[in-house]
Each structure stands twice: as structure tokens, then as C-alpha cells.
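Comments concern the structure below.
The values are calculated or read from the model by the stated rules, or taken from the named source; none is laboratory data. On a predicted model such as this, the values are computed, not experimentally measured, just so you know. Backbone-built Cβ (ideal geometry, glycine too); neighbour counts: all protein chains shown.
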Amino acid sequence: MEQLQRVATGIKGLDDLLKGGLIAGSAYIVQGRPGSGKTVLANQLAFNHVRHGGRVLVATLLSESHERLFQYLSTLSFFDATKIGDQIQFISAFDTLDQDGLEAVVRLLRGEIARQGASLLIVDGLLNARSRAETVLDTKKFISELQAHAAFANCTLLLLTSSHLEDDSPEHTMVDGVIELGEDLHGARAVRRIQLRKTRGSGALSGLHEYEITGDGLRVYPRLEALYARPSGMGSETFKRVGSGVACLDRLLLGGLAQGSVTLAMGPSGSGKTSLGMSFLGAATPEAPGLHFGFYEPAPRLRMKAAALGLDFAAMERDGALRIAWQPTTEGLLDDVGARLLRQVSEHGIKRVLIDNLGGFARLATRPERLNEFFRALMGELRAHDVTVLATWEMRDIFGSEINAPAPELSSIVDNLLLMRFVELGSELKRVLSILKVRDSRYDPALLEVVIGAGGVELHEAFNEATAVLSGTAQPLERS
């Protein structure tokens, strides 16, 4: 099968959407309203292109001066003024368009492509060209002739416009690809989104994806469920057990958790979920390191809590047995955070992960209906790396039998379910743990009291003489 030659954009995440980059010699439209980042994207691509030996011609059909443009671009890390006038040429075609029309612009650009030996042509201000055209046919002719001259020189063409062009517009029908930038409001929060509206002759990650503009320029975060529609690997084919960090729980699980499995501990605040998770991380080793990926407690506070359980997280970090990552839920993009977790796993060879808790991901989701697919892709990729996962989920009700789950179709996401609740028994408030599900393994379904102390988490048999324990108000067992 013949492979198409690609022009990498060098923009993180965008090349993933484009399955490697733009197709060399093809024409693309980048559209979006003013302020969406079109100019940043195009110039970031231009400077990345010359960094790898390419030559770029940037033609503006706008009245804005290049000096003003350079002033804005100079605040971004990719900008390199030494490339301007050598590998990157900026020309203004505004006067030519205004005085002589579209045909004169085509002649100007054709000569400049040849003179500069450009391998990338960026034309900013397609809206002005469209306004100058007398008929739809003139617009098509303008784009067609630009395409023809660029393709003859094996030059990739990028056309920028601030108008929202529909799929059946003359511009869309003429080009090979359309990249649309936009922004949505979710309450007081603005989220930028990018979509590949058209990619002729090439695969791409479709749908809406989030992006942001930082001091380094544009950065795209592909939807995790699109990027990992199929996991990158299948994981180990050998069944192995991994210790949970709590000896009694391992006995209930007949030896521990399955390697590469996902366990969800559900319960109200204070029921012991985080303590159980820290015990799980306490069993990590430098050969099989652990990762605490949390949303609510920064590393210093976490180390103090671990010390109260007899765990020395600071020493484990020094030995390479543990890493701590904290992600506040005040701001952030869902797919960025998911990708950061996977990157930590890949870079440090992590083999056990505590996600405390899944509600942090839910808070970052601007489209909650995505969560099921997002969690499925995230857990699938962690399984592909043989990572054993313990995740927590905070339930609303401190007492009662109602259970609310982080996502529907829970069985497609997790392998094991642990329920942690409070129960009143004999005028005392106790914590209780019950195993609701273990995939592909037998287990002991006994209800156990969770005792948290300086020695860590312990599980005791305490409810053999009681009924209705999971309701929150246990009753002594009546015997005849």
C-alpha cells in the first residue's frame, strides 16, 4: 500500500488527529472566528516546518501590518525572529487584492512560491478574497489556481478564514481538508474545541477535541476514547495475583487482586476509601512502582496521612517505588488529565495506580455523557500496560442502601467492586466493607469491619450476629 507523504505540524495532539500530519502538496482551510487561534496555529506550523528544513511563504490579505503580528507572536516560545526573511518570508498581498483583484494575487503568489522555493504556503484572509470575488465561480477559480501552482511545486497550502463556511461552500468543495476552531461556554468556563470537518484521502480522528493556547502555542488534546479506540496492547496473557496491601482482603480475594485488573472502592466520605488506597500503594516496590493520582490532596498532606497509617511515602518516593501526582479540579481539560496519567505510567514503568477519586474526572467533564467511553478507554489502556488499578468513588449518602455509580454500564469499566459504608450497631458507628463483585474469580462475600489505626487498615469479622448491615442501621440477629 502506498504511503502518503506527510507534513508534520509539530503541534502536540494535532498530528495525532491528522494521523501523522498534513498531506504534502494538499490544500487545507483553517476556519474559526477571530480569537480562536488560527494565526497561532498557522505560524506555529510555519516555524516548526522551517525547523525541520522546510521553507515557508506567508501571504496576508489583511490590512494589519506584519510588525504588529510579530509583536504578538514574540510572546510565544516557538517564535524565532532569525528565521524571518530567510526561511520564512512574509508578504502583504492586501494592496494587490484591493487594486488589481484575485488574478493578480495568484500571479504574485505563483512567482513568490518559485522564488522562495516554498514547501508551505499560508494565505491569511480568505474572507477578503471571497468578498473581492464577483461570483462563486471566481472564488473557485482563485482557490483552484492557488492549489495547482502549490501542488506543482509540492507545496502544501493553508488558507485561513474567520468566516464559518458550510460543508457545501465553494471553498470546502475545492480543498482537501478543513480544520475548524471554536469555543463553547459551560457556565462561566470557556472551552476551546477543534474539529477536522474534512480530510480527503486520509484517515483522521473525527469528532470534537479540546485544545488550549499557552505560551508555547496551540496544544490539542484528542479525545481519549478516539485515540485509544483500541488499546495499544493486550497486556499479559499469564494470570498473576497482586497484593492489595491489606492481608485480610487478600485472603478474602483468595490471594489478592488480578494483575491488570481495575478495582472500584465506593463509599461516602470518611468510610476509608483513601486509607485503603494508600495501603494498596504501600505494597509498591522499586521494581513495580506505584502512582498516586489524586484530585483533592497535594503531596505534603498525603505524606502526612500515610505516616498516620505507618507508611513512609517519602522514603518510597526516594527509592523509586512511588510517585505522587496531584491535579486540582478547579480548572483543567478532561483528556489532558487522562493523557497525563497515561504518560506517567509509560515514562516511569508504573505497575499499580490509585486514582483518588473518579469524581475528579467527572468534575472536569464538560460533556458528562462522554464519561463512560472515557473511563473505558482509560482503563483499557492501563490494562494494556499490565497496571493494576484501585479507584475510589465518593457516594452521596452516608447511610442508606442507595448506591450511585460513576458511570452506567459499570461492568465494562471495572473488574472488582468494593462497597464501603457506615453502619450503626450497638450504639457505635462502624465502617463496613463488602465485596460486591470479582471478575473471573471466587471470593469470600463476608461483611467486615474496617479498622483504621497507626498500623494501617485492618479488616475484622464483626457482623456475624447482625442483619440489615448495609442499610446503615444493623439489627442484632434474633435466634429462636
Failed item, numbered, when Ser163 is tested on (1) part of a helix (DSSP H, G or I); (2) touching a helix residue (DSSP H, G or I) at 6+ places or on another chain (Cβ under 6 Å) | (1)
Of residues in the range 181-203 being touching a Lys or Arg at 6+ places or on another chain (Cβ under 8 Å) and surrounded by fewer than 19 Cβ atoms within 10 Å (Cβ to Cβ), the one farthest from Leu17 (Cα to Cα) | Asp184
Taking the stated definitions as given, is Leu276 touching a Gly at 6+ places or on another chain (Cβ under 7 Å) and either in the same structural domain as Leu358 (by TED's automatic domain parsing) or among the basic types (Lys, Arg) (or both)?
-> no
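Is one or more of the residues making up the range 246-260 more than 28 Å from the chain's Cα centre (by Cα) and among the β-branched types (Val, Ile, Thr)?
yes
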Within the range 1-102, helices (runs of 4 or more DSSP H) holding 2 or more residues that are closer than 25 Å to Gly203 by Cβ | 14-17, 38-51
Answer yes or no: is there a residue in the range 261-282 that is among the hydroxyl-bearing types (Ser, Thr, Tyr), assigned to a loop (DSSP other than H, G, I, E, B) and more than 19 Å from Val387 (Cα to Cα).
-> yes
List the number of the failed condition for Glu424; all other conditions in (1) in a loop (DSSP other than H, G, I, E, B); (2) at pLDDT below 90 hold.
-> (1)
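Per-residue answers, yes or no, for (1) within 24 Å of Lys12 (Cα to Cα); (2) more than 20 Å from the chain's Cα centre (by Cα); (3) not assigned by TED's automatic domain parsing to the domain that holds Thr75:
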residue	(1), (2), (3)
Glu145	no, yes, no
Asp176	yes, yes, no
Ile179	yes, no, no
Leu227	yes, no, yes
Exception for Val136 within (1) farther than 23 Å from Gln31 by Cβ; (2) in contact with a helix residue (DSSP H, G or I) (Cβ under 6 Å, 6 or more places away or on another chain); (3) surrounded by fewer than 17 Cβ atoms within 10 Å (Cβ to Cβ) falls at (1)
Kindly indicate the residue of the range 313-330 that is out of contact with any strand residue (DSSP E or B) (no Cβ under 8 Å at 6 or more places or on another chain) and modelled with pLDDT under 95 and also surrounded by the fewest Cβ atoms within 10 Å (Cβ to Cβ) among those meeting that condition.
-> Thr330
